Structures are given as C-alpha cells and as structure tokens.
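Read the structure below first, then the notes.
The values are calculated or read from the model by the stated rules, or taken from the named source; none is laboratory data. A quick note: this is a predicted structure, and the numbers were derived from the prediction, not measured. Here Cβ is always computed from backbone atoms with ideal geometry, including for glycine, and neighbour counts include all displayed protein chains.
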Amino acid sequence: MKSNKDLILILGTGYMASVYFSHFKFLKENCLMVFRNKNSKNYLNARNRFGEEYLISHEESINLNPKILLSCVAPESHLNLIEPFISKNCLIAVEKPATLDMELMSQYVSENKIRVLMNRRYYYWVNDICLKAKNFLIRKIVVDIPEQFCHESWYGVPKNIATNSIHIFDLVSFICNGLNKPEFSRINNHSAFVFTNSQLVEEIVFQINYDSIEKFSIKFYLKDNSLIECCPIEEAYHSEEFEIVEATKDSFIRKYNPIKNKIPSSKNEMLYQKPGVLELCKELIIASKNKKIDELSLPDLNESFNIMNWMRNALSKK
C-alpha cells in the first residue's frame with residue numbers, strides 16, 4: 001500500500017467534488033479527484049478546470065492511504081466506493097444523503113469514523129443560534145420549504161425531500177439537539193405541515209409547499225419577542241423593533257415595518273467561496289491531525305440515519 005499521510009482524496013468529478021477540491025486547494029492541501037469514467041462530461045470539465053495532474057482513476061486510488069476521503073458521487077454509490085477505505089486510518093465523509101437505502105444504511109451506522117457532509121451547519125449564524133437554543137431563548141421555529149415536487153417516491157415521501165431538503169431538517173435538528181416525534185402532521189399531495197418540538201425548543205413547524213414561489217427560510221422567534229430570520233438560509237437578519245410609518249393622504253394605512261439588521265458575517269477569504277464549505281474543510285483538516293473526530297460538527301451515519309428516519313415517518317402519507 002502506498003502511504004501519503006497528507007493526501008486528501010475526493011471521489012467524483014462533479015459539482016460538489018469540484019467545490020471541495022477548490023476549497024482544499026485554496027488551503028494549500030495536497031488533493032486529488034478520483035474518476036471512474038475518463039469519457040464523462042464531469043471528468044472533462046474537471047480536467048479543463050484543474051488540470052489532468054489532479055485526477056486519478058478509482059483503481060489507482062484504492063492503493064493510497066489518504067488522511068481524508070470525501071465521497072461526492074451519487075447517493076447509491078457512496079457506501080460501495082468508500083468500502084476499500086473503511087479499514088484504513090483515514091477520516092471519511094460522504095455527501096448528503098449517505099444513501100437512500102435505509103436498510104443498507106443501518107448496516108453501516110456503527111462505523112463511527114464516517115461522517116456526512118452538511119456544510120450548512122457551518123453557516124456564520126449557526127453557532128449563535130445553537131447557543132440561544134441551549135440557553136432556552138428560542139420560543140418557536142418556523143421552517144418554509146418550497147421544494148420542487150417530485151413524482152418519484154422515497155418511502156412514501158417525494159424523493160427531492162430526501163436528496164435536497166435533508167439539509168434543512170439536519171440543520172434544525174442540529175440546532176435543537178434532535179427532534180421529537182411530531183405532535184401533529186397533515187400531508188397532502190402538494191403540501192405538508194408538521195408540528196413538533198425538541199428538548200430545547202417547545203414549538204417547531206415545518207411547512208412544505210411544493211413548487212411555491214418563495215425562498216427557503218427559517219424563522220427563530222425569541223423569548224424577548226425579537227425575530228431572527230434566515231431568508232435565504234445563508235443570511236440572518238435580527239428584528240428587535242418596528243419602524244412606524246404614519247398614514248398619509250396618499251395612504252390611509254399605518255404601517256409597522258420590522259427593522260431588519262443583518263447579523264454580520266466574516267469576509268470571504270476566497271473567490272467563489274461556497275457558504276460553510278471553507279469552515280468545514282478547515283475542521284476536517286484539524287480533525288485528521290489531532291484524531292478528535294468526535295469534535296466534528298458533522299453528523300455521523302447514526303445521527304444522519306435517525307434524521308432520515310424521522311423525515312420518513314413524519315412526511316410519508318399514512
């Protein structure tokens with residue numbers, strides 16, 4: 001077996017593989033992308049963008065011993081492709097979802113070294129919100145999910161919820177330290193409403209309106225009556241008071257406009273920096289060095305399995 005303790009391998013050459021590769025290269029890490037088909041469009045795009053010297057075949061990759069292995073392929077391929085690396089001394093993380101096969105996933109939940117890539121846990125506003133939740137300062141959370149409708153089903157749930165919107169459910173679960181069994185749910189053909197809670201937040205509402213003309217958003221209603229709104233999810237605004245606009249001869253309506261103050265974020269360090277990804281990459285590098293994998297903010301397979309199981313039970317039509 002070839003040994004390269006400083007090597008990062010990324011399985012795949014598609015969009016997310018390229019995103020992680022560019023962020024690791026910005027951090028001056030020794031990184032290679034692993035391809036399976038030299039004639040694929042993804043391979044050609046990656047070769048043109050990064051150079052052929054950064055591409056390696058799957059057959060060659062299994063002889064290497066990287067410090068970090070990321071899998072950025074289709075969900076049905078993650079667990080099969082990472083299998084040769086599980087016995088090696090490397091940190092493994094797969095793109096969401098780890099798989100759509102819950103029975104197969106249950107066979108891997110004991111593999112504590114495998115994490116699921118959830119970059120939204122690293123958004124700049126998340127740590128502050130987590131602290132507020134731990135201090136029981138959040139009264140209610142309302143989540144709006146305008147996902148595209150998909151006729152293909154995943155255990156009775158539109159498949160897009162499992163492949164795309166899982167990051168929203170994961171993020172809320174992360175903030176609330178888990179989600180309890182729903183108290184009420186109403187599932188229709190083109191919408192879903194779920195009311196639940198957690199040990200940290202008394203009221204949590206998920207509203208799914210398929211194909212609706214709105215943005216994904218999360219609203220945090222604080223116990224001091226102020227509001228933190230993330231719309232889009234990547235940004236956070238805090239409203240603590242109203243601007244009152246008196247009625248005029250042109251408008252007989254007295255208006256109460258919330259004053260939105262953007263919660264400041266740190267300046268981007270690189271061009272085309274995807275929110276949360278650079279911070280995630282930095283944490284992976286640190287964990288690969290000190291071997292303190294349990295300190296990662298990323299979910300392990302067991303936590304991700306539990307979140308997906310919650311989604312399946314809460315959102316499937318009874």
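Is one or more of the residues making up the range 3-23 surrounded by 15 or more Cβ atoms within 10 Å (Cβ to Cβ) and of a type in the set (D, E, K, R)? Let's see the steps before the verdict.
The first filter runs over the range 3-23 and keeps only residues surrounded by 15 or more Cβ atoms within 10 Å (Cβ to Cβ), leaving 7-14, 16-23.
Next, only the ones that are of a type in the set (D, E, K, R) stay: none.
Among the residues of the range 3-23, not one is surrounded by 15 or more Cβ atoms within 10 Å (Cβ to Cβ) and of a type in the set (D, E, K, R), which makes the answer no.
Listed here are the residues, each with its yes/no results for (1) at pLDDT 95 or above; (2) farther than 14 Å from ASP300 by Cβ; (3) among the charged types (D, E, K, R).
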residue	(1), (2), (3)
ILE68	yes, yes, no
PRO84	no, yes, no
ILE114	no, no, no
MET118	yes, no, no
TYR123	yes, yes, no
ILE141	yes, yes, no
ASP144	yes, yes, yes
Pick from GLU279, GLU235, GLU229: which is modelled with pLDDT of 95 or more and not assigned by TED's automatic domain parsing to the domain that holds CYS130?
GLU279
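Return yes or no: is SER304 in contact with a strand residue (DSSP E or B) (Cβ under 7 Å, 6 or more places away or on another chain) and of a type in the set (S, T, N, Q)? Walk me through it before giving the result.
Numbers: in contact with a strand residue (DSSP E or B) (Cβ under 7 Å, 6 or more places away or on another chain): yes; of a type in the set (S, T, N, Q): yes.
So SER304 fits the description; yes.
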Any chance the range 266-274 includes a residue that's under 30 Å from ILE86 (Cβ atoms) and either out of contact with any Lys or Arg (no Cβ under 9 Å at 6 or more places or on another chain) or surrounded by 14 or more Cβ atoms within 10 Å (Cβ to Cβ) (or both)?
yes
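Only residues that are aromatic (Phe, Trp, Tyr), under 27 Å from GLY276 (Cβ atoms) and part of a strand (DSSP E or B): list them for the range 215-257, please.
Restricting attention to the range 215-257, the residues satisfying the condition of being aromatic (Phe, Trp, Tyr) are 216, 220-221, 237, 242, 252, 256.
If we keep only those that are under 27 Å from GLY276 (Cβ atoms) too, we end up with 216, 220-221, 237.
Scanning the range 215-257 gives PHE220, TYR221, TYR237.
To keep it simple, each residue is scored yes or no on (1) farther than 27 Å from ILE286 by Cβ; (2) at pLDDT 95 or above; (3) among the polar types (S, T, N, Q).
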position	(1), (2), (3)
GLU29	no, yes, no
PHE35	yes, yes, no
SER40	yes, no, yes
ILE56	no, yes, no
ASN63	no, no, yes
SER71	no, yes, yes
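Scan the strands (runs of 3 or more DSSP E) fully inside the range 90-209 and keep the ones with 2 or more residues being closer than 30 Å to ASN225 by Cβ.
Numbers: elements: 91-95, 114-117, 138-145, 184-187, 191-196, 203-209.
Qualifying strands (runs of 3 or more DSSP E): 138-145, 184-187, 191-196, 203-209.
Pick out the one residue from CYS130, CYS90 that is surrounded by fewer than 22 Cβ atoms within 10 Å (Cβ to Cβ) and at pLDDT 95 or above.
Values: CYS90 fails: at pLDDT 95 or above.
From the options CYS130, CYS90, the qualifying one is CYS130.
Could you please find all residues in the range 244-299 being small (Gly, Ala, Ser) and in contact (Cβ under 8 Å) with a residue 60 or more places away in the chain?
Hits for the range 244-299 are SER265, SER266, GLY276, ALA287, SER288, SER297.
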